[in-house]
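Quick note: the coordinates plus some simple rules give every number you see, no bench work behind them. Keep in mind that what you see is a predicted model, and the values were worked out from it rather than measured. Note: ideal-geometry Cβ built from the backbone for every residue, glycine included; neighbour counts use all protein chains shown.
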Amino acid sequence: MLMTSSSAALDARPPDPKRETGPCRPFTCDPGWGEAWWWLGIPVLVALFTIGSYQLAPAWYMPAVIPEGYGILEVSHFILPLLGLLIAGRLLFLPFVRARSLTWAVTLTGALACLYIAGEEMSWGQHFFHWNTTDYWTAVNRQDETNLHSAYDIFEKTPRLILELGIFIGGLLVPLAAVYWPWARANRLSLFLPAAALVPTALGVAFFKIVDKLHQAALIPNVLQRPAETIETYLYFFILAYLLVFARCIKALEEDEGVIRK
């Protein structure tokens with residue numbers, strides 16, 4: 001007997017990468033307008049804060065917002081991935097995650113990325129404990145710090161390019177595609193796709209990159225000093241937001257699996 005569309009909808013479960021057959025329904029745990037205070041409010045607040053403080057109080061912006069190691073943005077570049085590391089680290093020990101090799105691999109990648117970013121941003125503790133850089137490392141590191149990204153471009157430009165491409169595709173193109181093809185958020189790999197709530201953060205990355213390029217080309221006046229620091233804030237917030245939603249979706253799948261087993 002063929003299953004009708006209505007009965008199929010009733011039997012559909014959230015997208016579990018371990019299940020090879022459908023039907024699947026979209027996650028109901030994706031952030032909605034009731035949570036816009038963080039997925040929309042924070043990206044908007046970052047833009048208003050950085051541009052506003054530079055335009056209105058540049059004498060305060062330069063020593064307080066962007067200095068290496070202790071500026072407001074620099075500190076956020078440590079805290080955001082550190083929070084992401086805590087989320088991903090917890091997920092790694094869940095039996096549900098460990099039973100799904102792809103889910104575990106994605107979680108591990110997120111944890112290692114957050115560890116690398118947090119460590120590099122604070123020069124693996126040098127900004128906290130103020131140890132001296134060795135003579136050898138001073139010779140190869142352009143900022144005289146104990147980190148890799150200031151010494152070799154491959155440890156900065158390559159990971160950053162991969163992250164920016166991932167945000168452009170996953171944060172902008174995928175949510176746009178899901179509007180026209182809902183199955184994009186209702187298939188067995190949907191767990192790994194960013195939710196539509198991450199679009200404002202992805203737009204923040206795009207906006208400040210455009211501002212930076214236009215200023216470098218002398219097409220617009222200087223809107224913001226060192227916009228790269230603001231771009232990094234959006235990049236790292238995107239990772240944190242992705243892991244937050246990812247963890248919620250895993251919890252939803254765990255609860256669904258528990259209901260099915262009962």
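General remarks:
- Diffusion coefficient (Stokes-Einstein, Kirkwood radius over C-alpha pairs, 37 °C, 0.692 mPa s) for the chain: 161 µm²/s, rounded to a whole number.
- Once the C-beta distance of Leu219 and Trp183 is scaled by a Förster radius of 41 Å, the resulting FRET efficiency is 0.50 to the nearest 0.05.
- Sites Ile169 and Phe207 - FRET efficiency at Förster radius 22 Å, r taken between beta-carbons, to 0.05: 0.80
- For the chain, lysine pairs separated by 8 or more sequence positions, or belonging to different chains, with Cα-Cα distances below 29 Å total 5.
- Based on alpha-carbon atoms, the Kirkwood radius and the radius of gyration of the stretch 1-120 give Rg/Rh equal to 1.16.
- Here Ser123, Ser53 are placed in order of increasing Cβ neighbour count within 10 Å, fewest first, which gives Ser53, Ser123.
- Taking the number of Cβ atoms within 10 Å of each Cβ as an exposure proxy, the fewest-first ranking of Trp181, Trp124 is Trp181, Trp124.
- For the stretch 172-244, radius of gyration divided by Kirkwood radius, i.e. Rg to Rh on alpha-carbons: 1.11
- Estimated FRET transfer efficiency when R0 is 30 angstrom, pair Leu48-Leu112 (beta carbons, to 0.05): 0.35
- Simple spin-label estimate for Ile154 and Ala12 in nanometres, 7 Å along Cα-Cβ: 4.6
- Degrees between helix 227-261 axis and first principal axis of the chain (Cα, 0 to 90, nearest 10): 20
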